[in-house]
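Following: one structure in structure tokens, then a few remarks.
Read-outs throughout are calculated quantities, based only on the coordinates presented, and are distinct from any laboratory measurement. The shown structure was predicted, so the numbers you read here are calculated from the model rather than taken from an experiment. All Cβ positions, glycine included, derive from the backbone under ideal geometry; neighbour counts span all protein chains shown.
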Amino acid sequence: MNLQLFLAALRARRRAFFLVLASTVLAAAAASLLLPKSYEASALLLVDAGREEQSLSNALLMPPRERVGYMQTQTDILTSERVARRVVRELRLADDPRLRARFEEQAEGRGSIEHWLTTALRKKLKIETSQSNVIQLRFAAPDPGYAARVVNGFAQAYVDTMLALRVEPTRQAALWFDEQLKSLRANLEQAQERLTRYQREEGIISADERGDVDNARLAELSSELVHAQERTIELRAREQQARGALAAGGLGRLPDVLASEAVRALKADVARGEAALEELATQYGPQHPRYRQRRAENEALRARLDAEAGRVVAGIANQRRQAERRAAELEAALAAQRAHLLGRKEGRNQLAVLTRDVETAQRTYETALQRAVVSQVESRASQTNVVLLNAALPPAKPARPRLALNLLLALAAGTLLGTGLVVLLEMSDRRVHLRSDLAAGLDAPLLGELGAWRPARGRLPSRRAGALPAPG
């Protein structure tokens, strides 16, 4: 069936087409007028995922992927049973006689009215989100005031639930931290007491060895021992040199001997005696009594000189023995100081352990205290990151039924149904509408074509007028 044939069939069966179209439109209009009116109220909520005013934690911007999941989570919370149950309780819907009568009629007394209302509210509540942080709540009901109350109730219940979900965990955490702080404070006090008692018993103030008197004393003893050993070696060398010179009779050339005032005085006396002896030998000869007397005096001076030189050598030996004793004493004192330092080092190691225990307990206590302060502050929060942008107002016009939209839809549906009816009728009752139908259906020549009869302005045609045109 081509378009020309379809239009011809539609024109021929236009009564059936317009009858179906009119029936459909009238049925839609009647249904729209007879159906109960439904009013839809809406409210807008702003959920700022990256902002927490009453929080001590640093709020960071949320990545886009996490923001989508966060908004979906907020939608799930909005439609949760907890929020719906809160709406029922806050609005006291269970006390409404009409709702209670409807519950008795539909549920027949099975279950609780609160659960029935919660389920009904969750089914009718519509949530719409977009790429922004705004959530739209919509609720439809026959009563516009009831619809607005329910939407605003859901918005407030959602805000209260979000606040409760935020505050309850922090309040429990604050109580838990309070209990932990008691034990942590006791651990810190015990660690400090052990450290103080050990310092008092061992006499160790600091675990740092730098600037310690014991270390300074060890360094001083080490330095004195080195000097004493050097002094001992020096005196031992001088003593050996003096004993060698004493055996060879060359004490007069030793620096220690020459440094003695008595030796220098005796050497001067010996020199003067030798000069006097030579003079007497020249004057009187070696047999003269005065010469002999002078020689005896010179020998006595030499004996005294040798004795004085021996005392100098003995003094060197005595100094050497004193230096050796001093070195031995310093070695013993140095060994004792080292042993003392080793003992102190072990004590400092133990002191370092106790000090670290105190520092660890202190850090743990301070960290727990900070967390406890944060939990206590956040447990007293009175607002969340959810703000009610637009509260719902009772709608002035019903949302359903929509008469204009229903009529347009009925017009479209009636057109389709009428067209379908025309096609079905044409297929079941085939009629000739066009000249092409005869040419296609009958193998016969076409003699003529009658047009629609139109009377000539109130006058019937004459009998003598031909009904058919003249042939040829």
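Mind sorting F177, F18 by how few other Cβ atoms lie within 10 Å of their own Cβ, fewest first? If you can, show how the numbers build up before the last one.
Working: F177 20, F18 12.
Neighbour counts put them in this order, fewest first: F18, F177.
With both labels modelled 7 Å from their Cα along Cα-to-Cβ, the E329 to A412 distance reads 12.1 nm.
A convex hull fitted around the alpha carbon atoms of the stretch 275-325 yields 52 Å³ per residue.
The fewest-to-most ranking of I316, I233 by surrounding Cβ atoms within 10 Å reads I233, I316. For E81 and R11, the FRET efficiency from 1/(1 + (r/R0)^6), where r spans their Cβ atoms and R0 equals 56 Å, is about 0.35. When each of W176, W116 is scored by the number of other beta-carbon atoms lying within 10 Å, the sequence from fewest to most is W176, W116.
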